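Note sheet for the following structure.
The values are calculated or read from the model by the stated rules, or taken from the named source; none is laboratory data. This is a predicted model, so every value here is computed, not measured. Quick reminder, even Gly has a Cβ in these numbers, built from the backbone with ideal geometry, and neighbours come from all protein chains shown. Quick note on the areas: whole protein, heavy atoms, side chains included, nothing else; ligands and nucleic acids left out. Shrake-Rupley method; radii C 1.70, N 1.55, O 1.52, S 1.80 Å.
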Amino acid sequence: MSGPGKHDERLAALEQRLGHTFADRTLLREAMTHGSALDGAKKKRSYDRLEFLGDRVLGLVVADELLQRHKSEEEGELAPRYNALVNRHACAHAARAADLGAALILSPSEEASGGRGKEAILADVCESVIAAIYLDAGLDAARAFILRFWGEAFATGANAPRDAKTALQEWAAAKKRGLSYVVIEQTGPEHAPHFVVEARIDGFAAERGEGSSKRDAQRAAAAVFLKARGVHD
């Protein structure tokens, strides 16, 4: 059974991997704490709030970096590059590269169910770590983390395919039809929700997609809709 001492050792090892020593270690601890580990403790926080901030910091850094790297491109060309870099899969990939899973603070049951390797958890904790670094040392430090662990993705994303939602929006617009996404079902605990979403376009049968966030479920539904009609996203 791992206690506070073991957690501290793992956090210290994580700082080495990140190349950043926290002035305020409590930020890193919060960033690595999954909701399952709180066990009703009112004075502790999970990474949810930091994840909210980290998503915005990541978006800002990626958008700025793309503007610098692709000075001649317009918004329509930059958007698919951005979508390829700011999504759950990209965040989880970066989390694995930094081995964030090894330092996660989880409940015994969540750990037993493979929580350290779950893509949804890794994606969320990656964003929370970005926020923790930002709050601890500023935007330049957060940028350094992102450029380090997204470096290869910036290069390989040069010919990134369009996001399925973007492709479906364009398809619907070309047919002059309205597009909407409707949440059909939400299940699971607050720290690990599961969404079922329908993509609806006037005059066509709705298609469903699933994901651990509304955004991922919408993308999945859009992809199913396009595939069902022989359209490549």
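Annotations
- Surface share of carbon and sulfur [accessible, 1.4 angstrom probe, percent] for the stretch 74-150: 54
- Alpha-carbon Debye profile of the stretch 54-161, log10 I(q)/I(0) at 0.17, 0.24 Å⁻¹: -0.78, -1.30
- Rolling a 1.4 Å probe over the protein heavy atoms leaves Leu58 with an accessible area of roughly 0 Å².
- Karplus (6.51, -1.76, 1.60) ³J(HN,Hα), θ = phi - 60°, over the stretch 197-209, in Hz, Gly and Pro reported as x: 10, 9, 8, 10, 10, 3, x, 10, 5, 5, 10, 10, x
- Glu111-Ala23 pseudo-label distance in nm [points 7 Å out on the Cα-to-Cβ vector]: 3.2
- Shown here: Cα extents along the principal axes in Å, derived from the displayed model; of the candidates (i) 59, 41, 33; (ii) 60, 43, 24; (iii) 51, 48, 30, it corresponds to (ii).
- Solvent-accessible surface (1.4 Å probe) assigned to Asp55 amounts to roughly 30 Å².
- Long-range lysine pairs (8 or more apart or interchain), the chain, Cα under 30 Å: 23
- DSSP-defined antiparallel bridges as percent of all bridges, the chain, nearest 5: 95
- Coil-residue GluC sites (Glu not before Pro) of the stretch 159-201, DSSP, other Cβ within 10 Å capped at 15: Glu190
- Loop trypsin sites (Lys or Arg not before Pro), the stretch 148-218 (other Cβ atoms within 10 Å of the site Cβ: 10 or fewer; DSSP): Lys176
- Taken per residue, the accessible surface of the stretch 1-144 reaches 50 Å², heavy atoms only and a 1.4 Å probe.
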